[in-house]
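Please see the structure below; I have some questions.
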Amino acid sequence: MSTDSSTTLQTFTCANCGATTSFDPRTQTLRCPFCGTEAAVRATAAGATVPEDVGKLVLPFSIDKDASIDSVRTWLGKSFFAPSDLQSRSTLDRGQGAYVPFWRLDADASSEWEGEVSETHTREVSRQFTDSGGNSGTRMETEEYKTWHPRSGTHEGNHRAWVTGSTGLTQVEGDQLMPFPEEGMLTYSADAIAGYSVEEPGVDVAGAWAAGDPKIQQMEHDACAVEVERLTRVDTRLSNRQAAVCYLPVWLFNYRYDNADYRVLVNGRTGEIVGKRPTSRQRVVLTIAAIVLAIALIVILILLLR
Ligand SMILES: [Zn+2]
């Protein structure tokens, strides 16, 4: 365990899921917010170090714990394919709020593109025809055709990509929690995160760019594609790269149903819920049976009415 010199936060790496979390030992127990592991603590923190020149921002929670519990309970009762007693028979743990790291990557893009635009022309062509009376012959008809002409140009843009820096959440969970509102970010400080666990990034700045670069290239490619009817080539140079770690607010819950555990996440800003629900085999089978029956009835009706 290591102590951050500027604050009283303590950092530990979960031996079970690998997430590195900082927490305030005065107000919180040492429990991994991602998997609930309490005892297994490694001696040293294994999170990626954030360089000094990288900005650190915090987006405060705006949805409190009680509200997120209510919405998770409602969500448990809302799925048609889930067992009907999922809401009443599942047990929800006490949950934990955590700031989860996401990399915010900004870059300027400068592109040279090549493409083609079409021109539509008309021409007269002679066509064979046969009329209803059986007479045939040829007549002139107007036909449209296109010609393609090369174009080239330059494009300047700036783009922002988000990359999950979390070890505790999967990449898919991180993507599903997006988007978070970008207004209201505070500079990282002990006060800004007080009362919550904070996960340290498990992805360093180079790893973040490795994932973010293709996203930004794609955004720039899409922007160039708007410039011309058919884009054939884009050369993009990225510059002025800015990376910041944004600690985004997430409520983490686990619930137990039929001896299985499920994780549910609530975006602490938008209330978006991300999680898995068990499916009821009975409901799925009944639904398929109903669809098959409906199709059979329609077929029978069609046959009877012929
Ligand atoms: Zn864990």
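What are the residues in the stretch 80-112 that are assigned to a strand (DSSP E or B) and open to solvent by 20 Å² or more (accessible area, probe 1.4 Å), if any?
Step one: list which residues in the stretch 80-112 are assigned to a strand (DSSP E or B), which gives 91-92, 96-112.
If the condition is that a residue be assigned to a strand (DSSP E or B) and open to solvent by 20 Å² or more (accessible area, probe 1.4 Å), then Thr91, Leu92, Gln96, Arg104, Asp106, Asp108, Ser110, Glu112 are the ones that fit.
Only residues in the stretch 285-306 that are over 29 Å from Phe81 (Cβ atoms) count as the first member; pair them with residues that are at pLDDT below 90 and part of a helix (DSSP H, G or I), Cβ under 6 angstrom, at least 6 apart or cross-chain, and list the lot.
Final answer for the pair search is none.
Next question. Output the number of residues of the stretch 166-209 satisfying the condition of being acidic (Asp, Glu) and touching a helix residue (DSSP H, G or I) at 6+ places or on another chain (Cβ under 9 Å).
As a first pass, look at the stretch 166-209 and keep what is acidic (Asp, Glu): 173, 175, 182-183, 191, 199-200, 204.
Subsequent filtering for residues that are touching a helix residue (DSSP H, G or I) at 6+ places or on another chain (Cβ under 9 Å) retains none.
Of the residues in that region, 0 qualify.
In this structure, does Glu227 turn out to be assigned by TED's automatic domain parsing to the domain that holds Arg73 and closer than 28 Å to Asn158 by Cα? Spell out the reasoning first.
Details: assigned by TED's automatic domain parsing to the domain that holds Arg73: yes; closer than 28 Å to Asn158 by Cα: yes.
Answer is yes for this residue.
If you don't mind, there's one more thing I want to ask. Considering only the stretch 219-235, how many residues are crowded, with 20+ Cβ neighbours inside 10 Å and of a type outside the set (A, V, I, L, M, F, W, C)?
Residues flagged as crowded, with 20+ Cβ neighbours inside 10 Å and of a type outside the set (A, V, I, L, M, F, W, C) within the stretch 219-235 amount to 1.
A follow-up question, please. I'd like to know if the stretch 139-147 contains one or more residues that are among the aliphatic types (A, V, I, L, M), open to solvent by less than 90 Å² (accessible area, probe 1.4 Å) and either without any contact (Cβ under 8 Å) to a residue 40 or more places away in the chain or in the same structural domain as Ala225 (by TED's automatic domain parsing) (or both).
Kept after step one, since they are among the aliphatic types (A, V, I, L, M), are these residues of the stretch 139-147: 140.
Checking which are open to solvent by less than 90 Å² (accessible area, probe 1.4 Å) leaves us with none.
No, the stretch 139-147 contains no residue that is among the aliphatic types (A, V, I, L, M), open to solvent by less than 90 Å² (accessible area, probe 1.4 Å) and either without any contact (Cβ under 8 Å) to a residue 40 or more places away in the chain or in the same structural domain as Ala225 (by TED's automatic domain parsing) (or both).
Read through the list (1) at pLDDT below 85; (2) within 16 Å of the ligand (Cβ to nearest atom); (3) open to solvent by 30 Å² or more (accessible area, probe 1.4 Å), then give the number of the only condition that Pro51 fails.
If we test Pro51 against (1) at pLDDT below 85; (2) within 16 Å of the ligand (Cβ to nearest atom); (3) open to solvent by 30 Å² or more (accessible area, probe 1.4 Å), just (2) comes out false.
Could you check, for the stretch 192-208, whether at least one of its residues is open to solvent by 80 Å² or more (accessible area, probe 1.4 Å), in a strand (DSSP E or B) and touching a residue at least 40 places away in the same chain (Cβ under 8 Å)? First the steps, then the outcome.
First pass over the stretch 192-208, keeping only residues open to solvent by 80 Å² or more (accessible area, probe 1.4 Å): none.
No - not one qualifying residue is present in the stretch 192-208.
Next question, about the same structure. Which residue is modelled with the lowest pLDDT, if the candidates are limited to the stretch 265-276 and must be open to solvent by 10 Å² or more (accessible area, probe 1.4 Å) and in a loop (DSSP other than H, G, I, E, B)?
Checking each candidate, the answer is Lys276.
Further question on the same structure: Checking the conditions here, which among Ser189, Ser166 is outside any strand (DSSP E or B) and either open to solvent by less than 40 Å² (accessible area, probe 1.4 Å) or touching a Pro at 6+ places or on another chain (Cβ under 7 Å) (or both)? Talk me through it step by step, then tell me what you get.
On the way: Ser189 fails: either open to solvent by less than 40 Å² (accessible area, probe 1.4 Å) or touching a Pro at 6+ places or on another chain (Cβ under 7 Å) (or both).
Just one listed residue meets the conditions, Ser166.
In the set Tyr247, Tyr262, which member is surrounded by fewer than 18 Cβ atoms within 10 Å (Cβ to Cβ) and among the hydroxyl-bearing types (Ser, Thr, Tyr)?
Numbers: Tyr247 fails: surrounded by fewer than 18 Cβ atoms within 10 Å (Cβ to Cβ).
On inspection, the qualifying residue turns out to be Tyr262.
Separate question: Kindly list the number of the only condition in (1) surrounded by fewer than 19 Cβ atoms within 10 Å (Cβ to Cβ); (2) charged (D, E, K, R); (3) more than 16 Å from the ligand (Cβ to nearest atom) that fails for Glu38.
Here Glu38 meets the rest and fails (3).
While we're on this one: Scan the stretch 212-224 and give yes if some residue there is basic (Lys, Arg), in contact (Cβ under 8 Å) with a residue 40 or more places away in the chain and not assigned by TED's automatic domain parsing to the domain that holds Leu105, otherwise no. Even if it seems obvious, please write down each step before you answer.
Step one: list which residues in the stretch 212-224 are basic (Lys, Arg), which gives 215.
Pick out the ones that are also in contact (Cβ under 8 Å) with a residue 40 or more places away in the chain and you get 215.
Next, from what is left, pick out any that are not assigned by TED's automatic domain parsing to the domain that holds Leu105: none.
The answer is no; no qualifying residue exists.
Moving on to the next point. Condition (residue is charged (D, E, K, R) and at pLDDT 95 or above) applied to the stretch 188-206: is it met by at least one residue?
Going residue by residue through the stretch 188-206, those that are charged (D, E, K, R) are 191, 199-200, 204.
Okay, now just the ones that are also at pLDDT 95 or above, so none.
No - not one qualifying residue is present in the stretch 188-206.
The values are calculated or read from the model by the stated rules, or taken from the named source; none is laboratory data. It should be emphasised that the depicted structure is a prediction, and the values quoted were computed from it without experimental measurement. Cβ: placed from backbone, ideal geometry, glycine included. Neighbour counts: every protein chain shown. These area figures cover heavy atoms from the full protein model, side chains too; ligands, DNA and RNA do not enter into them. Shrake-Rupley method; radii C 1.70, N 1.55, O 1.52, S 1.80 Å.
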